[in-house]
Amino acid sequence: MQPLSPAPIHAPISLLDKTPTLLEVLLRDLPADLLQWKPAADRWSIVEVLGHMVVIEKLYEQRARRIMLEDSPALPKYEPPADAEIEKKSARQHLEEFVPLRRAFVFYLHSVPAAAAERTGQHAELGPLTLSQILHELANHDLGHLRQIAELYRAHAFHPYAGPLQKYSNPKP
């Protein structure tokens, strides 16, 4: 099977642009107990998901800018932060950090020519990655965590109170 040619970057940029607003609307008035609730010890709370999204935003923004500014740069590997680093901030603080970072990144991406989708960087484990692949993965990552946040919200705030109607849904936070 031949590798696909780089996809246009408009679609992932469009989704990346929507994510801050979706998060702000969804999380606007949620109580702290819901934002900190974990369905199991080995699962993340909404606070932890938001903290992770901040870390990934910084990483992917750095990768994209390096691909644009350098010829085939070495791309930094994901290094997860210590849980304590994520947990010491509130959901509101993570969101207040994420939103301006993402909006600035999207503003930058709107200046990137479509032909730049093919530019590459070198990942130590994955090999060459195109700008298009990075942006598509970041959009995919956003949707995965938006779903995760919605499932956490659903499982804690609504499903337990649905009585016999619970049989019609099965949240998987």
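Quick notes on this one:
- Electrostatic dipole magnitude of the chain [Cβ: Lys, Arg +1; Asp, Glu -1; Cα centre; debye, to 20]: 360 debye
- Segment Ser169-Leu126, extension gain: residue separation times 0.36 nm, minus the distance between their alpha carbons: 11.7 nm
- Largest to smallest principal axis extent of the C-alpha atoms in the chain, angstrom: 57, 36, 29
- Taking 0.36 nm per residue of separation and subtracting the Cα-Cα distance, full extension of the segment from Phe107 to Lys77 would add 8.4 nm.
- Scanning the chain for long hydrophobic helices, with DSSP H runs required to stretch 18 angstrom or more by C-alpha along their axis and to average at least 0.0 on the Kyte-Doolittle scale, returns 10-27, 46-69, 91-109.
- Length gained when the stretch Glu151-Glu137 is fully extended (0.36 nm per residue, less Cα-Cα span): 3.0 nm
- For Lys58, the lysines whose Cα falls under 20 Å of its own Cα, not counting residues fewer than eight places away in the same chain, are Lys18, Lys77, Lys88, Lys89.
- GNM flexibility winner over the chain from Thr130, Thr21, Thr120 (Cα, springs under 10 Å): Thr21
- Spin-label model, Lys18/Lys89: points 7 Å from Cα along the beta carbon direction are separated by 2.5 nm.
Every read-out reported here was derived from the displayed coordinates using simple, explicitly stated rules and does not represent laboratory data. Fair warning: this is a prediction, and the values are worked out from it, not measured in the lab. Neighbour counts are summed over all protein chains in view; Cβ atoms, including those assigned to glycine, are modelled from backbone coordinates with ideal geometry.
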